[in-house]
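Please treat every number below as a calculation from the coordinates, not as lab data. Please read all numbers here as calculations on a predicted model, not as lab measurements. Here the Cβ positions follow ideal geometry from the backbone for every residue, glycine too, while neighbour counts run over all protein chains shown.
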Amino acid sequence: MSTTVLEPRAGRTRDVLSSHVVRLLRMREIQLLVAIGIVVAVTTAAHPTFVAPGNISFMLADAAATAILAMGQTVVVLAKGIDLSVAPILGIAAVLVAFPAQDLNLPIVVGLAIVLGVGLVLGAANGVLVSIARIPPIIATLATLSVYGGLQFILAKGEEISNIPNSYAALGNDDIVSGVPWVLLIVVALAGAVTFFLRHTNTGRSIYAIGNDAAAAHRSGIPVQRVTFIAYTLCGVLAGIGGLIYLCHVGSVDSTTGTADNINLTSIAATLIGGTALTGGRGGVAGSVLGAIFLSVALTAMVFALIPAIWEPAGVGALMLLAMLFDRRSAVRSPSRTRRPRRAP
Amino acid sequence: MVGLVGPGPDTTATTTATTTEDPGDGRDARQPRGSRYVASHVTKAFNGAEVLHDVSIVLEPGSVHSLLGENGAGKSTLFKIMSGLYEPDAGELVLGDERLHGLTPRSALQQGIYLVPQEPTLMAHLSAAENLYVGALPRHGRTRLVDWKRIGRESVSYFTRVGLDIDIETPARNLSIAQQQLLECARALVHNCQVILFDEPTSPLTPHEVDVLFELVDGLRSDGLALGFISHRLDEVISISDQVTVLRDGRFVMNAPRGGYTRDELVTAMIGRPIGVRTRVRRSSDVTDRREILRVEDLAAPPTFTDISFTLRKHEVTGLAGLVGSGRTEIAEAIFGLRKADRGKVVLDGVPLTHRTPRECIDAGLIYLPEDRARNGIFGEVDIGRNVTAGIIPHLPRRWHLIRTDRETLLAAGATARTAVHMQALGSSINTLSGGNQQRAMISRWLLAEPKVAIFDEPTRGVDVGAKDDIYDIVADLATSGLACLVISSDLEELTLICDRVLVIYEGRIVGEVEGDDVTTARLGQLVVEGAM
């Protein structure tokens with residue numbers, strides 16, 4: 001579309017950015033690439049091995065599970081929701097694949113079918129609670145976080161399953177070419193698919209509409225309940241896939257995998273760092289994937305800087321807060337809608 | 001035809017019969033796109049308060065049917081019922097030959113019924129083009145994917161038809177209120193509707209934009225659509241309508257075709273008494289102490305408002321007039337410290353209020369009754385007494401730092417008595433009070449703060465006609481007792497009734513000040529709408 005935006009009425013034209021460069025620089029994806037570049041450059045200056053292919057591959061593979069969970073989280077946040085139960089969904093999916101994989105040498109394709117099923121069921125349960133039972137998302141998924149977490153413990157029987165077939169570990173850790181792990185390909189493919197879904201399907205657009213204004217979406221004839229349900233279900237499915245990728249990459253799973261890895265927080269952090277607004281209706285999964293990679297790179301850089309690993313959660317939290325502060329500053333320029341819907345009967 | 005004052009099923013039945021005799025007066029050589037849309041004997045109550053009682057209206061294809069009535073007469077509610085947003089308690093909707101049961105916004109759209117809402121409700125972060133189609137995005141036939149090319153191609157022509165000159169990629173939040181309203185109108189075209197209901201589409205528009213919109217409405221009428229229209233501007237209604245129905249307090253008052261009424265008859269039907277009977281609220285004029293008590297200097301928060309300077313004097317009621325979205329409320333909020341101003345000074349009784357917070361303003365003697373009581377003023381879960389004392393919690397009588405509830409109750413009782421709140425007990429929930437009584441309770445809250453200046457934002461919105469007069473009396477009493485009052489209102493008649501002086505805001509600036517006998521609806525109306533005389 002043309003960029004020569006002119007409005008006959010005064011006062012708003014200054015908010016319209018006409019230059020392509022400025023528009024690009026205001027895209028969160030570009031900002032994140034720059035930020036990643038800076039972290040990489042600074043750390044490499046001190047520790048040249050930071051950019052060794054092995055380390056790059058490790059950082060990217062390490063970001064994969066978080067990135068996939070963040071995609072699902074993004075879909076839900078775009079619809080002005082939140083899913084706090086993605087960690088145990090990941091955990092349950094991983095556990096349910098890990099046992100038969102260990103005992104029966106289960107093919108990965110069957111494992112994929114299992115995690116898709118697990119994600120579908122658990123995500124759909126969240127969807128029912130939020131869309132049909134109309135329980136506020138933060139409460140509904142906080143409750144299922146506990147329920148699913150307990151279920152994961154029961155299913156794992158308190159054991160750690162670490163005798164995973166080599167084919168799994170190969171998928172989770174091998175490179176296509178040096179420095180580019182296979183899981184990155186999976187992440188990119190999934191991100192492409194979810195982006196396509198959000199951008200080009202009616203349901204995807206409805207998710208944005210609901211996140212902007214659920215009441216107006218209802219008025220416009222959008223089936224708000226159905227779309228909300230789909231968003232949570234998709235989030236569950238992606239969390240399930242994340243479980244398989246986690247299992248392949250880490251090679252073991254136990255009764256607190258996911259929850260203990262703080263992956264709920266990192267998925268939300270990656271989403272927010274990726275520029276998706278917690279208030280809904282603005283953002284996308286490309287930013288969330290870059291957000292996950294940024295987190296992985298930054299945390300690895302902390303390791304290179306000899307900061308003890310116990311500071312990792314604090315690092316994630318601090319980066320998340322920084323992202324929120326940054327987001328607010330960039331949002332100040334845009335004029336908020338001055339009027340609220342009024343005149344309640 | 002005219003003067004069917006006196007509601008009831010019989011009256012509506014006759015009206016229905018008379019209007020059906022006129023099927024588009026042979027104007028449509030082409031196939032009419034619209035169908036007859038009838039709402040009959042519709043009744044609706046919210047929380048026990050009846051807002052519509054046995055109202056009927058017939059929208060004919062190829063004609064514009066306007067609803068007239070005061071604020072709170074039930075016009076918007078009727079349109080919302082007809083577009084599926086509310087469910088009627090009784091009555092039925094018939095489109096063509098089909099009875100519509102359990103209408104929802106979605107099924108209404110599928111039936112081709114669209115409501116252009118009173119306030120634009122666009123998706124702030126989505127592009128103008130996507131907003132145009134939201135809920136019914138065009139899709140490729142085979143793949144069912146969203147057809148962005150078609151959206152890009154066709155949205156321009158829809159925007160052109162409503163006179164919108166914008167980049168289709170602009171996010172809706174960057175559009176002005178007027179542009180958003182026009183976009184809402186354009187949405188009706190996209191859905192290819194047979195019935196379009198306009199709920200006060202013109203209030204934020206400039207005269208030129210109104211002209212463009214009316215051309216559009218004319219076009220839709222000759223296309224054979226059935227059109228419903230609500231406006232507060234009588235001249236607009238008279239010029240555009242083929243039929244006019246007047247509601248008052250949720251009841252049918254009269255219906256007349258074009259030319260079947262006079263302007264005065266409409267007004268009389270609307271307000272239920274001949275014009276001129278309602279007189280200005282006069283206060284004793286022997287007051288000499290008109291000392292300046294509040295001075296606002298060069299207050300500005302562009303682009304919402306700029307260069308706001310005025311003074312309020314003791315014993316005086318000053319009005320603040322302006323269209324919805326002109327910045328009236330924002331100015332009041334900035335004075336009261338609810339909204340940040342980029343620059344400017346507020347001086348209250350000689351004391352400058354620099355870093356204003358509501359707390360500081362209340363302590364200094366400035367009170368603000370917000371526009372939207374339900375949202376901004378009332379603690380719904382709390383009893384009436386505590387609602388009344390909520391504004392002076394730090395100053396409540398105490399013993400050992402604990403609030404003495406007996407004294408608190410006495411204070412609340414005294415304040416509610418002063419504003420004559422009708423209630424069962426101070427301890428009952430404030431949600432049990434009617435809108436008018438809630439407003440009184442709010443006023444008594446602020447009286448406890450012993451204010452010098454009171455700002456009322458739309459004090460009578462959603463309040464029935466009887467209670468309006470009471471609120472006018474309260475404002476007048478406050479002024480008599482020495483307060484300086486600032487009243488923000490969309491209801492120009494209201495301003496002419498209670499104000500000694502009216503400031504007019506247009507697009508965030510003060511464009512005029514009218515005083516004394518010059519305060520007339522005609523004069524204010526012109527300033528409000530056009531920004532100049």
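Based on C-alpha pairs under 8 angstrom that are at least 6 apart in sequence, chain A has a relative contact order of 32 percent.
Applying both filters, DSSP loop and at most 11 other Cβ atoms within 10 Å, to the trypsin sites (Lys or Arg not before Pro) of region B:383-412 eliminates every site. Compared with the dominant principal axis of the Cα atoms in chain B, helix B:465-480 is inclined by about 30°. In whole angstrom, region B:378-450 maps to an equivalent ellipsoid with semi-axes of 20, 12, 10, each derived as √(5λ) from the alpha carbon gyration tensor and ordered largest first. The order of the peptides A:220-226, A:168-174, A:47-53 by mean Cβ neighbours within 10 Å, most packed first, is A:220-226, A:168-174, A:47-53. Would you mind checking the tilt of helix B:405-418 against the longest principal axis of the Cα atoms of chain B, expressed as 0 to 90 degrees and rounded to 10? On a 0 to 90 degree scale, this one is about 60. Mean projected area of the convex hull spanned by the Cα atoms of the protein assembly as shown, taken over all viewing directions: 42.6 nm². Pairs spanning more than 25 Å between alpha-carbon atoms, out of A:Lys80/B:Lys149; B:Lys314/B:Lys345; A:Lys80/B:Lys340; A:Lys80/B:Lys44; B:Lys314/B:Lys468: A:Lys80/B:Lys149; A:Lys80/B:Lys340; A:Lys80/B:Lys44.
Calculated [222 nm] ellipticity per residue, helices only, for chain A: -22500 deg cm²/dmol; basis is -39500 (n - 2.57) per DSSP H run with n ≥ 4, divided by all residues, nearest 500. In region A:47-326, taking the dipole from charged Cβ atoms about the Cα centre, the farthest positive-side position among A:Gly281, A:Val97, A:Thr49 is held by A:Gly281. Using the alpha-carbon atoms, what tilt in degrees (0 to 90, nearest 10) does helix B:9-20 show relative to the longest principal axis of chain B? The angle comes out at about 40 degrees.
Toward the positive end of the charge dipole of region B:378-450, with +1 on the Cβ of Lys and Arg and -1 on the Cβ of Asp and Glu, the farthest Cα among B:His401, B:Ala390, B:Leu426 is that of B:His401.
The C-alpha radius of gyration of region A:47-326, expressed as a fraction of 2.2 N^0.38 Å, stands at 0.96. Counting only residues at least eight positions apart within a chain, or on another chain, the aspartates and glutamates with an alpha carbon under 16 Å from that of B:Lys80 are B:Glu50, B:Asp54, B:Asp89, B:Glu92, B:Glu119, B:Glu184, B:Asp199, B:Glu200. Helix content alone sets the calculated 222 nm mean residue ellipticity of chain B: runs of n ≥ 4 DSSP H residues at -39500 (n - 2.57) each, divided across all residues, give -10000 deg cm²/dmol. Shielding of peptide B:162-173 by partners, expressed as the average count of other chain Cβ atoms within 10 Å per residue Cβ, is 4. Per residue of peptide B:212-221, the mean number of Cβ atoms on other chains within 10 Å of the residue Cβ is 0.
Using the count of nearby Cβ atoms within 10 Å as a rough guide to exposure, how do A:Val128, B:Val528 rank from fewest to most? Present the calculation step by step, with values, prior to reporting the outcome.
Values: A:Val128 16, B:Val528 22.
Result, fewest neighbours first: A:Val128, B:Val528.
With 0.36 nm allotted per residue and the present C-alpha distance subtracted, the A:Leu278-A:Ala143 stretch has 46.6 nm of extension available. For chain B, the gyration tensor built on C-alpha atoms gives a prolate shape. Its axis ratio a/c (a ≥ b ≥ c) is at least 1.5, and a/b is the larger of a/b and b/c. Residues A:Ile230, A:Ile135, A:Ile68, ranked from the fewest to the most other C-beta atoms within 10 Å, line up as A:Ile135, A:Ile230, A:Ile68. Legend: mean number of C-beta atoms from other chains within 10 angstrom of residue C-beta atoms, peptide A:213-226, equals 6.
Place the peptides B:292-298, B:503-509 in order of packing, highest mean first, counting for every residue the other Cβ atoms within 10 Å and averaging per peptide. It would help to have the intermediate numbers written out before the result.
Numbers: B:292-298: 17.9, B:503-509: 22.7.
Descending mean neighbour count gives B:503-509, B:292-298.
Peptides B:56-63, A:21-28, A:87-94 ordered by packing proxy, namely the average of other Cβ atoms within 10 Å per residue, highest first: A:87-94, B:56-63, A:21-28.
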